[in-house]
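What follows is calculated from the coordinates using simple rules that are stated; it is not laboratory data. Bear in mind the structure is a predicted one, so any value in this text is a computation, not a measurement. For neighbour counting, all protein chains shown are included, and Cβ atoms are generated from backbone atoms with ideal geometry for every residue, glycine included.
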Amino acid sequence: MTSIERIESGPRFSHVVIHNGVVYVSGVVSPGATVRQQTRNALRGIDDVLKRAGTDKSKILSATIWLTDMGKFDEMNSAWDKWVSPGNAPVRVCVEAKLALPGFEVEIQVIAAR
């Protein structure tokens with residue numbers, strides 16, 4: 001039987017689930033005055049959680065990004081492009097959606113190999 005490891009597991013969801021060498025990270029939001037700042041801060045948070053899970057951004061397989069306003073796509077990408085590991089860009093989707101927590105304009109979820 002393959003084990004499942006959970007990091008920061010609560011009654012509603014786990015922040016990270018690791019199974020069969022794959023790291024699943026829940027959606028990450030972070031405060032900031034602009035979409036660029038929120039994106040940059042969320043990506044730092046992803047770096048931290050990936051490190052705790054024994055991996056890093058060069059091993060990200062997939063990313064899903066939600067923006068409250070697709071008009072800010074280029075602003076989000078300006079932070080993403082500086083952050084993404086050169087030569088290791090994951091598959092990615094970005095959609096416009098209303099986020100659950102007010103004040104946040106971007107949320108990012110990733111799946112990475114360990």
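Could you list, in sequence order, all residues of the range 75-98 that are in a loop (DSSP other than H, G, I, E, B) and hydrophobic (A, V, I, L, M, F, W, C)? Can you show your working first?
At the first step, the residues of the range 75-98 found to be in a loop (DSSP other than H, G, I, E, B) are 84-90, 97-98.
Result: Val84, Ala89, Ala97.
Rundown of residues vs (1) within 11 Å of the chain's Cα centre (by Cα); (2) loosely packed, with under 13 Cβ neighbours inside 10 Å, yes/no style:
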site	(1), (2)
Phe13	no, yes
Gly21	no, yes
Gln38	no, no
Leu43	yes, no
Thr64	yes, no
Phe73	no, no
Asn88	no, yes
Val93	no, yes
Arg114	no, no
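Limited to the range 64-114, what total is found for residues that are of a type in the set (A, V, I, L, M, F, W, C), in contact with an Asp or Glu (Cβ under 6 Å, 6 or more places away or on another chain) and either without any contact (Cβ under 8 Å) to a residue 40 or more places away in the chain or farther than 15 Å from Val25 by Cα (or both)? Can you show your working first?
Of the residues in the range 64-114, the ones of a type in the set (A, V, I, L, M, F, W, C) are 65-67, 70, 73, 76, 79-80, 83-84, 89, 91, 93-95, 97, 99-101, 104, 106, 108, 110-113.
Next, from what is left, pick out any that are in contact with an Asp or Glu (Cβ under 6 Å, 6 or more places away or on another chain): 66-67, 70, 99.
Going one step further and asking which of them are either without any contact (Cβ under 8 Å) to a residue 40 or more places away in the chain or farther than 15 Å from Val25 by Cα (or both), we end up with 67, 70, 99.
Selection size over the range 64-114: 3.
Does any residue in the range 4-27 that is touching a residue at least 12 places away in the same chain (Cβ under 8 Å) come within less than 7 Å, Cβ to Cβ, of a residue that is of a type in the set (Phe, Trp, Tyr) and assigned to a strand (DSSP E or B) six or more places away or on a different chain, and which pairs are these?
Val16/Tyr24; Val17/Tyr24
Listed here are the residues, each with its yes/no results for (1) aromatic (Phe, Trp, Tyr); (2) over 27 Å from Ser9 (Cβ atoms); (3) part of a helix (DSSP H, G or I).
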site: Arg44; (1), (2), (3): no, no, yes
site: Phe73; (1), (2), (3): yes, yes, yes
site: Ala100; (1), (2), (3): no, no, no
site: Glu107; (1), (2), (3): no, no, no
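Output yes when any residue across the range 45-53 is touching a His at 6+ places or on another chain (Cβ under 6 Å) and in contact (Cβ under 8 Å) with a residue 24 or more places away in the chain, and no when none is. Give the derivation first.
Step one: list which residues in the range 45-53 are touching a His at 6+ places or on another chain (Cβ under 6 Å), which gives none.
Scanning the range 45-53, I find no residue that is touching a His at 6+ places or on another chain (Cβ under 6 Å) and in contact (Cβ under 8 Å) with a residue 24 or more places away in the chain, so the answer is no.
Taking Ala33, is it out of contact with any Lys or Arg (no Cβ under 9 Å at 6 or more places or on another chain) and part of a helix (DSSP H, G or I)? Don't jump to the end; show me each part of the working.
Numbers: out of contact with any Lys or Arg (no Cβ under 9 Å at 6 or more places or on another chain): yes; part of a helix (DSSP H, G or I): no.
Judged against the criteria, Ala33 is not a match.
If Glu107 passes every condition in (1) among the acidic types (Asp, Glu); (2) touching a helix residue (DSSP H, G or I) at 6+ places or on another chain (Cβ under 6 Å); (3) under 13 Å from Ala42 (Cβ atoms) but one, which one does it miss?
The number of the failed condition is (2).
Of everything in the range 42-82, what is small (Gly, Ala, Ser) and in contact with a Ser or Thr (Cβ under 7 Å, 6 or more places away or on another chain)? Give them in sequence order.
First, pick out the residues of the range 42-82 that are small (Gly, Ala, Ser): 42, 45, 53-54, 58, 62-63, 71, 78-79.
Result: Ala42, Gly45, Ser58, Ala79.
For residues that are farther than 20 Å from Gly103 by Cβ and of a type in the set (A, V, I, L, M), scanning just the range 45-62, find the one that is surrounded by the most Cβ atoms within 10 Å (Cβ to Cβ). It would help to see each step written out before you state the result.
Our first condition is that a residue be farther than 20 Å from Gly103 by Cβ; within the range 45-62, this holds for 47-62.
Now drop any that are not of a type in the set (A, V, I, L, M), which leaves 49-50, 53, 60-61.
Numbers: Val49: 20, Leu50: 21, Ala53: 19, Ile60: 23, Leu61: 13.
Taking the candidates together, the pick is Ile60.
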